[in-house]
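Asker: Take a look at this one; I'll ask things after.
The values are calculated or read from the model by the stated rules, or taken from the named source; none is laboratory data. All values derive from a computational prediction rather than experimental measurement. Cβ atoms come from the backbone with ideal geometry, glycine included; neighbour counts cover every protein chain shown. Side chains are part of the model used for accessible areas, which takes the heavy atoms of the whole protein and leaves out ligands, DNA and RNA. Shrake-Rupley method; radii C 1.70, N 1.55, O 1.52, S 1.80 Å.
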Amino acid sequence: MDIIGRNKNFGLALFFAISALFLAYVMIFAVYQAYREREYKKELAGVRVTIINSDGVVLMDTEKDPHTMPNHLQRHEVQQALQEGYGFDISRTSETDGERYFYSATYFPQSGQIIRSAIPYPGEKANGHITNRGYIILSVIIFLLLTAALFFYTRRVGRYVDSTIEDYRQKVRVAEEEKVRIKHDLTQNTAHELKTPLASINGYLETLASHPDLPPEQRKLFLDKCMSQAQRMTDLLSDMSTLTRMDNMQAALAEKHPVDITAIAEQAIEDVRPMLEQKQIVLACNMPPHLPAQGDYNLLYSVFRNILDNAILYSGCTEIRVNGNAQYEFSIADNGAGVEKEHLPRLFERFYRVDKGRSRAMGGTGLGLAIVKNAVALHGGTCCAENTRPHGLTIRFNIGNK
């Protein structure tokens, strides 16, 4: 979904683009209509006005000499105006100039005069068709221009969407292939990791079965080693179960629960305290009293517990510092031997060990930091490892607080 997210305003941009095309269409017709109104007003500027007395005698006309004009008493609009105060004739050919007019007459009793206006019709019917034809031609031209603009824009949009979908499909294919590869590697690594403790258990049990007369001390030693190897397999299967659960809990984490990260860290510290005392490691914790968040208690506990276990078991340190702040940024640092630079980017890989023999001898499964990485990611954060100056290793991670 990252590709689609590159243009978060894509839908808004498409809306404004199409709206702009329709706005242009409206504005063009508004300008054309304004032009037509101006032309119409020019025509109205030539309105013919005639003043007639109550006897029908023409007193004044804006276009003709009133003395040459016949009596207008019998004109329909004049008769109606004398009777009702206002009269009109929708269409009549003038006897004076032979043009067709719309006549409107108003009678003013005070002066005993009638003021008549005459608006000429368009000269020929063909002229009206020309005006309509021009309107239609303009509409067709604008329609074609807007259609062409919309076509080219939507073609660009289509190409972008096609490219986005193809990129997304490619990412999905790569993700699926990576998931298959990880599962394949996990299966192989798991088989390899289980093979060693099983071989040890088989060896010890065969020795016990074939030598029933072994001294009790030797028999107890072999049984203790069998139990140790069995516990190692149990831990490995438990860690694998945790990773599998995280791989399938994206939807489950939509229903997070309120947790206090400071309390979770303090619980993890309390649980490893016997190991700290046994190895005489000093632990300093510097975290706010409360860091409320939404998350999975067990997964967040596993983050702190696995990092602390790694520091105690493998670092050879004498001091561990746990730090956190109100921005939900955390670090767990030790003053041990540290890790060579080339190993740092791979520390969070499944079954990756800096010193394989030493890690297995101490009972590690090789999945602790992989669990840390996945658990942090499920809570909207990231993690990294870096060497601490002058020596030691620091694991940094952050967690979303919503």
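Asker: Considering only protein heavy atoms, what is the solvent-accessible area of residue 319 at a probe of 1.4 Å, reported in Å² to the nearest 10?
Answerer: 70
Asker: Something else now. First check a/c for segment 288-334, with a ≥ b ≥ c the square roots of the eigenvalues of its C-alpha gyration tensor; if it is under 1.5, answer rounded, and if not, answer prolate when a/b is larger than b/c or oblate otherwise.
Answerer: Because a/c hits 1.5 or more and a/b fails to exceed b/c, segment 288-334 counts as oblate.
Asker: While we're on this one: Taking N as the number of residues in segment 252-331, what is its Cα Rg relative to 2.2 N^0.38 Å? Provide the component values of the computation, followed by the final result.
Answerer: Working: Rg = 13.2 Å, N = 80, 2.2 N^0.38 = 11.6 Å.
Rg over 2.2 N^0.38 Å, computed on Cα atoms: 1.14.
Asker: To continue, here is another question. Taking the highest mean first, how do the peptides 52-64, 322-334 order by number of other beta carbon atoms within 10 angstrom per residue?
Answerer: Ranking the peptides 52-64, 322-334 by packing returns 322-334, 52-64.
Asker: Using θ = phi - 60° and the Karplus form 6.51 cos²θ - 1.76 cosθ + 1.60, what ³J(HN,Hα) does each residue of segment 72-86 get, whole Hz, x for Gly and Pro?
Answerer: Values, residue by residue: 9, 5, 8, 5, 4, 5, 6, 4, 5, 5, 5, 7, 10, x, 8 Hz.
Asker: While we're here: When the Karplus curve 6.51 cos²θ - 1.76 cosθ + 1.60 is applied with θ = phi - 60°, which whole-Hz ³J(HN,Hα) does each residue of segment 262-268 get, with x for Gly and Pro?
Answerer: Per residue, the Karplus-derived 3J(HN,Hα) values read 4, 5, 5, 4, 5, 5, 4 Hz.
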